[in-house]
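Notes follow the structure.
The values are calculated or read from the model by the stated rules, or taken from the named source; none is laboratory data. The shown structure was predicted, so the numbers you read here are calculated from the model rather than taken from an experiment. Cβ atoms come from the backbone with ideal geometry, glycine included; neighbour counts cover every protein chain shown. All accessible areas refer to the heavy atoms of the entire protein, side chains included, with ligands and DNA or RNA removed. Shrake-Rupley method; radii C 1.70, N 1.55, O 1.52, S 1.80 Å.
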Amino acid sequence: HYFIQSNLRMLVFLLLLLLSTPLQSNKYSAEYNVEYNTEYNFFNLVRQWTPNACYLSSHACTHLIPAMENSWTIHGLWPSIDAERWPSNCFSSSGCPFNSSSIADLVDEMHAEWPTDYSGGDTKFWYHEYCKHGTCCTDLLPTQHDFFSKVLELHHTFNLEEVLGNAGIVPNDHITYTIGQVVDALETGFGSGASQPELWCRFVKDKGVSKQLLFQISLCISKEFEVMECPKKKQEMCTDKQPVYLLPFGVLNLVV
């Protein structure tokens, strides 16, 4: 009996100790971000080139609005801590405070500049981007309208079609470019802060030929909304040992 009582007392003691010890929070959980949603150091302004994102991919894009043709479109504006970490979903358990009526005056422009071909349509995509990223920078962009209007403003200020076009980097399914040419064009167009962008590439086998497709460009933007060098990633998504393609929209079988 003494042995059983002793073990019971020990079990009760351990349970009380466990209950009295504060749990360590996950630094990048939604709960953490609700309280510390200003912990980020810069933004990633991410734009994508639809043909390179869709060509020979498991997601075959099937629809295109005319305004999207030959344009880099917005993916999002992501508050980031460094090259590998970022806060996300910085809202309370009551849910994400997204209300499309608050951006009614921006919707036409957003359909043109920030479209998606994924299920659910544009509004669902904007909901995702705001809830995951926009809720984590309310110190600088406190409302949904502030967030979306600032993204549109940055998109036009840092005009990728214009800067790449000025450097002769235009869509073509036969001509290729080097990573160095792309980076030089961004630096020439946007200043020295753009000398270290974050480039995203896909590698496809097209009729027996390996192709590197540049499908996304991310410029790092300071909290003062000026372009800056991006922190180095542990592993780059593009290689300078292989040229890149910027495919024209014609490679996709799209319904306009």
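Residues to consider are Asp122, Asp146, Asp117; find the one that is at pLDDT 95 or above and acidic (Asp, Glu). Talk me through it step by step, then tell me what you get.
Values: Asp122 fails: at pLDDT 95 or above; Asp117 fails: at pLDDT 95 or above.
When all the criteria are applied, what remains is Asp146.
For every residue, the table says whether it meets (1) among the aromatic types (Phe, Trp, Tyr); (2) in contact with an Asp or Glu (Cβ under 8 Å, 6 or more places away or on another chain).
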residue	(1), (2)
Thr73	no, yes
Pro79	no, no
Ala104	no, no
Val107	no, no
Met110	no, yes
Trp126	yes, no
Thr135	no, no
Ser149	no, no
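Filter the range 201-232 for residues that are open to solvent by 50 Å² or more (accessible area, probe 1.4 Å) and not polar (S, T, N, Q) and give the result. Before you say what the answer is, go through the steps one by one.
The first filter runs over the range 201-232 and keeps only residues open to solvent by 50 Å² or more (accessible area, probe 1.4 Å), leaving 203, 205, 207-210, 223-224, 226, 228-229, 232.
Once the filter is applied, which keeps residues that are open to solvent by 50 Å² or more (accessible area, probe 1.4 Å) and not polar (S, T, N, Q), the range 201-232 yields Phe203, Lys205, Lys207, Gly208, Val209, Lys223, Glu224, Glu226, Met228, Glu229, Lys232.
Got a sec? Which of Gly193, Gly189, Gly168, Gly180 is more than 30 Å from Ser58 (Cβ to Cβ) and touching a Cys at 6+ places or on another chain (Cβ under 8 Å)? Lay out the reasoning, then the answer.
On the way: Gly189 fails: touching a Cys at 6+ places or on another chain (Cβ under 8 Å); Gly168 fails: touching a Cys at 6+ places or on another chain (Cβ under 8 Å); Gly180 fails: touching a Cys at 6+ places or on another chain (Cβ under 8 Å).
Checking each option against the conditions leaves just Gly193.
Quick check on the range 73-86. Is at least one of its residues of a type in the set (Phe, Trp, Tyr) and more than 13 Å from the chain's Cα centre (by Cα)?
If we filter the range 73-86 for residues that are of a type in the set (Phe, Trp, Tyr), which is where we start, we get 78, 86.
Subsequent filtering for residues that are more than 13 Å from the chain's Cα centre (by Cα) retains none.
Within the range 73-86, not a single residue is of a type in the set (Phe, Trp, Tyr) and more than 13 Å from the chain's Cα centre (by Cα).
Report yes if Ser119 is farther than 19 Å from Pro197 by Cα and of a type in the set (Gly, Ala, Ser), otherwise no.
Values: farther than 19 Å from Pro197 by Cα: yes; of a type in the set (Gly, Ala, Ser): yes.
So Ser119 passes the test.
What number of residues within the range 163-196 satisfy the criterion of being more than 18 Å from Pro248 (Cβ to Cβ), β-branched (Val, Ile, Thr) and surrounded by 16 or more Cβ atoms within 10 Å (Cβ to Cβ)?
The qualifying residues number 3.
Within the range 96-142, track down each residue that is open to solvent by less than 20 Å² (accessible area, probe 1.4 Å), assigned to a loop (DSSP other than H, G, I, E, B) and touching a residue at least 60 places away in the same chain (Cβ under 8 Å).
Residue satisfying the conditions is Cys137 alone.
Kindly indicate whether Ile81 is buried (at least 19 other Cβ atoms within 10 Å of the Cβ) and under 21 Å from Ile221 (Cα atoms). Don't jump to the end; show me each part of the working.
Working: buried (at least 19 other Cβ atoms within 10 Å of the Cβ): no; under 21 Å from Ile221 (Cα atoms): yes.
For Ile81, the condition - buried (at least 19 other Cβ atoms within 10 Å of the Cβ) and under 21 Å from Ile221 (Cα atoms) - is not met.
Take the range 211-256 and flag every residue that is of a type in the set (Gly, Ala, Ser), over 16 Å from Leu160 (Cβ atoms) and within 22 Å of the chain's Cα centre (by Cα). Full working, then the answer.
Restricting attention to the range 211-256, the residues satisfying the condition of being of a type in the set (Gly, Ala, Ser) are 218, 222, 250.
Now drop any that are not over 16 Å from Leu160 (Cβ atoms), which leaves 222, 250.
Listed by number, the list holds a single entry, Ser222.
Just give me the residues in the range 171-186 being touching a residue at least 40 places away in the same chain (Cβ under 8 Å) and under 16 Å from Arg47 (Cα atoms), in sequence order.
Hits for the range 171-186 are Pro171, Val182.
Mind listing whichever residues of the range 233-256 are surrounded by fewer than 16 Cβ atoms within 10 Å (Cβ to Cβ) and part of a strand (DSSP E or B)?
Val255
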